[in-house]
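Only one structure is covered here, and it is reproduced in the block below.
The values are calculated or read from the model by the stated rules, or taken from the named source; none is laboratory data. Just so it is clear, the structure is predicted and the values come from calculations on it, not from any experiment. No Cβ is skipped: glycine too gets one built from the backbone with ideal geometry, and neighbour counts run over all protein chains shown.
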Amino acid sequence: MNIADIYKKFKSTSGICTDTRKLQPECFYFALKGDNFDGNAFVSQAFNGGAKYCVIDDKNAVINTQCILVDDVLTTLQDLASFHRKTINIPIIALTGSNGKTTTKELINAVLSTTYNVKATIGNLNNHIGVPLTLLQFTEALDFGIVEMGANHLHEINFLSHIAQPDYGLITNFGKAHLEGFGSVEGVIKGKSELYDFIKTQNKTLFVNDDDQQQIAQLNDYSKSITFGNAITNDCVVSFVDANPNVTLNYKNTQIKSQLIGSYNYANIAVAIAIGQHFNISVDNIKKGIENYVPDNNRSEIIKKGSIKIILDAYNANPTSMLAALQNMKQLKVENKFLFLGDMFELGTEAEKEHQAIVDFAENNFDNNIFLIGQNFGKTQAKTTTKRFANFEDIKPKVESLALQNATVLIKGSRGMALERLLDVM
């Protein structure tokens, strides 16, 4: 069965499902494989749960005429998404970058949604499976689709771009993320810039942070670029005011006070404003969209527990975002600061050096109250006043004994550390 025929069947269903625990009536089940599971084993369960069709790649899983046997389920899902993209005539905004992708995507969605019918990537479904699933939720009824793209190796952004066919693109930043896969910061820049490369070949439009010279260097004077930043020469001028702790900006003589912390979020907010301006959204609506956006899911959240204020940024971490969080913590005009820093993953051979650099910065800029969690931080050279713990269970009794009062706390670490658990013992 060719992809056009599969697409006709897709249009008669309620949508795609890849997990039999989350089936919708009349859905289209795709039997994807993972390291520890094979979706082909759940075909009967899918039909019993209400699936209309099942796409499988194991002939032994065929149990009725509603099973569609293909060579590879994942490739079919990607081809279906690509076919669907070509049938819906809506502008798509794609973004990638080392840090801040999901926050930026949500800010853009918040601004555009004040005026238009918009759908964006749910959560961080931004990989070779998530992007196709996102695209297959878009319809012609939308004014815009927003697609977040993640990558941990070269050529992945190029692959996703060819599926999504974006009309607009932006890169949040280039940082020390996924060094194990990209090999180096230069590899990160090359990999993320594959979005720029695709946009250029299609003669589409880029939104570019003029304050980021690494981004400007990748443009090579591409003419269809819209710049934003502090300088008055930009297409969209957004002035940074402060971040103590919330980021505040000025745009067209209007002060916008976000609910985001950290000066590193300035660029994420600024590009959302630039996109709003480009698509003729009023200043009032841009302000409303930014100010009403509340971060969640352990990303730059401010949580108050009694007399302590907690900056929870434990969704993920890499050397660039960790340093930015520490720099933000340093400039906060508060006393009694506590740092709880967890290991950063996927750094390959750079892990030891990058963890040591974070320890050095923390110890040079904070007098005490530095707590390091994880095996990577455990290998660093640190002062005796800096406390190191193997894991959450190791630090848990220590945090309970601190009985924190009138403190400002930063919790930052990679997703695998799950440091949000510290909230329960503070």
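So if I check each of THR139, THR205, THR201, which one is in the same structural domain as LYS105 (by TED's automatic domain parsing), surrounded by fewer than 21 Cβ atoms within 10 Å (Cβ to Cβ), modelled with pLDDT of 95 or more and touching a His at 6+ places or on another chain (Cβ under 9 Å)?
None of the others qualify; the one that does is THR205.
Mind checking which residues of region 149-202 are farther than 22 Å from ASN268 by Cβ and in a loop (DSSP other than H, G, I, E, B)?
HIS153, LEU154, HIS155, GLN165, GLY183, SER184, GLN202
Which of the residues belonging to region 81-97 are in a loop (DSSP other than H, G, I, E, B) and in contact with a Lys or Arg (Cβ under 7 Å, 6 or more places away or on another chain)?
Once the filter is applied, which keeps residues that are in a loop (DSSP other than H, G, I, E, B) and in contact with a Lys or Arg (Cβ under 7 Å, 6 or more places away or on another chain), region 81-97 yields only GLY97.
Against the conditions (1) at pLDDT below 95; (2) crowded, with 18+ Cβ neighbours inside 10 Å; (3) farther than 22 Å from LYS288 by Cβ, where does GLY100 fall short? Just the number, please.
(3)
Give the residues of region 8-28 that are surrounded by 13 or more Cβ atoms within 10 Å (Cβ to Cβ) and over 26 Å from THR87 (Cβ atoms), sorted by residue number.
Correct list: THR20 only.
Which is more than 19 Å from ILE281 (Cβ to Cβ) and either touching a residue at least 40 places away in the same chain (Cβ under 8 Å) or charged (D, E, K, R) (or both), of ASP167, ASP235, ASP221?
ASP221
All but one of (1) more than 30 Å from LYS192 (Cβ to Cβ); (2) touching a residue at least 24 places away in the same chain (Cβ under 8 Å); (3) in a helix (DSSP H, G or I) hold for ASN60, so report the exception by its number.
Status for ASN60: all satisfied but (2).
Here are some conditions: (1) among the small types (Gly, Ala, Ser); (2) at positive phi; (3) at pLDDT below 95. GLY229 meets all but one. Which one does it not meet?
Result: GLY229 passes all but (3).
Counting only residues that are touching a strand residue (DSSP E or B) at 6+ places or on another chain (Cβ under 8 Å) and among the basic types (Lys, Arg), which one in region 384-426 is farthest from PHE345 (Cα to Cα)?
Selected residue: LYS398.
So VAL62 passes all but one of these: (1) out of contact with any Leu (no Cβ under 7 Å at 6 or more places or on another chain); (2) surrounded by fewer than 18 Cβ atoms within 10 Å (Cβ to Cβ); (3) of a type outside the set (Ser, Thr, Tyr). Which condition number does it fail?
It is condition (1) that VAL62 fails.
Would you check which residues across region 268-280 are of a type in the set (A, V, I, L, M, F, W, C) and surrounded by fewer than 20 Cβ atoms within 10 Å (Cβ to Cβ) and list them?
Listed by number, the list holds a single entry, PHE279.
List every residue pair whose Cβ atoms lie under 7 Å apart, where the two residues are 6 or more positions apart in sequence or sit on different chains, the first residue falls within region 106-119 and is touching a residue at least 60 places away in the same chain (Cβ under 8 Å), and the second residue, located anywhere, is part of a helix (DSSP H, G or I) and surrounded by fewer than 19 Cβ atoms within 10 Å (Cβ to Cβ).
ALA110/ASN292; THR114/ASN285; THR114/LYS288; THR115/ASN285
Being within 15 Å of ILE129 (Cα to Cα) and touching a Ser or Thr at 6+ places or on another chain (Cβ under 6 Å) is the filter; apply it to region 29-53 and report the residue that is surrounded by the most Cβ atoms within 10 Å (Cβ to Cβ).
Only one residue tops the list, namely PHE30.
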